[in-house]
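> Before I ask anything, here is the structure I am working with.
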């Protein structure tokens with residue numbers, strides 16, 4: 001577990017991102033500012049195409065802003081190489097996608113343990129087994145993704161995101177591929193585990209009832225945060 005952060009978990013100021021397309025450059029983010037406190041859960045809502053997922057990509061360092069400040073876990077992401085950004089994500093950020101992104105030739109245990117091994121954790125297998133057990137999958141450690149239901153695969157993905165003690169969890173429509181009841185179970189798990197670990201959560205969702213479970217809702221429209229940018 002990391003020591004408590006004294007700085008914001010996420011600090012964005014006047015962030016702009018323009019991406020090329022066949023029709024020309026497209027302004028995706030147009031002056032986004034957002035502050036997320038350590039341990040805070042922020043739901044991000046808005047219409048399709050408004051820039052919600054791109055916002056998560058910028059926070060994770062998977063897209064680099066053209067201008068503005070991006071400071072995550074107290075570290076500026078400006079000017080970093082791809083290798084530096086990958087190391088930053090490994091040490092600070094857990095990501096849960098709508099699609100589970102599990103490696104099909106690895107067991108549930110291996111899917112969680114291998115990233116820990118890359119990080120140099122001496123007890124990677126034990127940590128992975130503990131996190132999977134907390135996620136309700138202690139009896140499925142040796143099963144492959146193809147042998148797991150969609151809900152079980154997302155539980156593995158959540159265990160993987162949280163196993164390293166990440167300071168910040170980014171979740172992009174984590175229940176989008178699940179039925180309603182399974183989705184509710186997954187959200188209960190996500191909120192429960194991240195709260196017990198003290199991680200901040202930025203949750204992109206189209207479901208305002210789900211967003212309302214967060215401490216605050218940030219609304220994105222046309223590449224801007226129009227409400228909820230500050231605690």
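> Given R₀ = 35 Å, FRET efficiency for residue 126-residue 30 by Cβ-Cβ distance, to 0.05?
0.15
> Among DSSP bridges having both ends in the chain, what percentage is antiparallel? Round to the nearest 5.
50
> Between residue 13 and residue 87, what is the spin-label point distance in nm, taking each point 7 Å from the Cα along the Cα→C-beta axis?
2.6
> Let me ask another. Relative contact order for the chain using alpha-carbon pairs under 8 Å, separation at least 6, rounded to a whole percent?
For the chain, the relative contact order is 30 percent.
> OK, next. Highest first, please rank the peptides 53-61, 120-128 by the mean number of other Cβ atoms sitting within 10 Å of their residues.
Ranking the peptides 53-61, 120-128 by packing returns 53-61, 120-128.
> Same structure, new question: Per residue of the chain, what 222 nm ellipticity follows from adding -39500 (n - 2.57) for every DSSP H run with n ≥ 4, rounded to the nearest 500?
About -10500 deg cm²/dmol.
> Another question, then. Just want the ordering: 69, 173, 82, from fewest to most Cβ atoms lying within 10 Å of their own Cβ.
82, 69, 173
Values in this text are rule-based calculations from the coordinates and carry no lab data. All of these numbers come straight from a predicted model, not from anything done at the bench. So basically every Cβ, Gly included, is an ideal-geometry build from the backbone, and we count neighbours across all protein chains shown.
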